[in-house]
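What follows is a set of notes on a single structure, which appears directly below.
The values are calculated or read from the model by the stated rules, or taken from the named source; none is laboratory data. None of these values were measured; they are calculated from a predicted model. Every residue, glycine among them, receives a Cβ derived from its backbone with ideal geometry; neighbour counts consider all protein chains shown. Ligands, DNA and RNA are excluded from the accessible area calculation, which covers all protein heavy atoms including side chains. Shrake-Rupley method; radii C 1.70, N 1.55, O 1.52, S 1.80 Å.
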Amino acid sequence: MHNNLVQIRDATLTDLPTIIAIYNAAIPSRNSTADLVPITIESRREWFEKHDPRSRPLWVMEVDNQVVAWIGLTSFYGGRPAYHATAEISIYIDPGHQGKGYGKQLVQRMLDQAPQLGVTTFLAVYFDHNIASRKLFDTFQFQPVGHLPEIADLDGVQRGVVIAMRKVKSIQS
């Protein structure tokens, strides 16, 4: 049996094309993003630059030196100061590498890093028909705290969004 070399590290600008390719691969399924057409690298450069390894990281997972997944945090509600300790998790896995436990490894690592990142509340926002995301976040005791029914039009199919939350111990506690 081949043991894969798995590494999670901060994303660099040279990873952006792969990050975008993994994201774009999710669009046709209409299961995990509200984008309907592929996005461009240039359109995500500003998003990429808003990530900060000290508080809002963007990590890639490499398997045998190939980027196969990414996870990132973004500030809640436009980064308004009172919400500083709340961040939304985004996670995408290359279709050829799904179902191998990589999502669990990435989310666990993010939760483990919460104190150093200054995050006490994680949010996950996913389509209500996205069973894989629901299972992933249920595994980590994210609690559904909101459901926005039929707010997304995916090729004429109305879909809702679940907002799930997980509190973690702060660095002070």
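A cut-off under 11 angstrom between Cβ atoms defines the neighbours of VAL67, and their net charge, with Lys, Arg +1 and Asp, Glu -1, is -3.
Under 1.5 on a/c is rounded, so check that first for the stretch 89-173, then, if it is not, pick prolate when a/b is larger than b/c and oblate when it is not; a ≥ b ≥ c are the square roots of the alpha carbon gyration tensor eigenvalues.
Values: a/c = 2.69, a/b = 1.46, b/c = 1.84.
Oblate, because a/c is 1.5 or more while a/b does not exceed b/c.
Eight or more residues apart or on different chains, and alpha-carbon atoms under 18 Å: count the Lys pairs in the chain matching that. Walk me through the intermediate numbers first.
Values: LYS100/LYS135; LYS104/LYS135; LYS104/LYS167; LYS135/LYS167.
Eligible lysine pairs with Cα atoms under 18 Å apart amount to 4.
Accessible area per residue was computed with a 1.4 Å probe on protein heavy atoms; LYS167 scores about 130 Å². Over the chain, the fraction of Cα-Cα pairs per 5 Å bin, rounded to whole percents and listed from the shortest bin up, is 1, 8, 17, 20, 21, 19, 9, 3, 1, 0.
When the surface is traced with a 1.4 Å probe over the full set of protein chains, PHE76 keeps roughly 70 Å² accessible. For the stretch 17-46 versus the stretch 79-155, the spacing of their alpha-carbon centroids is 17 Å.
Counting only heavy atoms of protein chains, what accessible area per residue, in Å², does the stretch 1-115 have with a probe of 1.4 Å? Don't skip to the answer; put the middle values down first.
On the way: 6280 Å² over 115 residues.
Per residue, the stretch 1-115 has 55 Å² of solvent-accessible surface.
Checking the a/c ratio against 1.5 first, then a/b against b/c, what shape does the Cα gyration tensor give for the stretch 1-92? Don't jump to the answer; show the numbers that get you there.
Working: a/c = 1.83, a/b = 1.28, b/c = 1.43.
Cα axes put the stretch 1-92 in the oblate bin.
May I ask you to give the percent of accessible area on the chain that is carbon plus sulfur, with a probe radius of 1.4 Å? Present the calculation step by step, with values, prior to reporting the outcome.
Details: 5070 of 9630 Å².
The C+S portion of the solvent-accessible surface of the chain is 53 percent.
Its alpha carbons considered, the stretch 1-47 gives a radius of gyration followed by a Dmax of 13.5, 42 Å.
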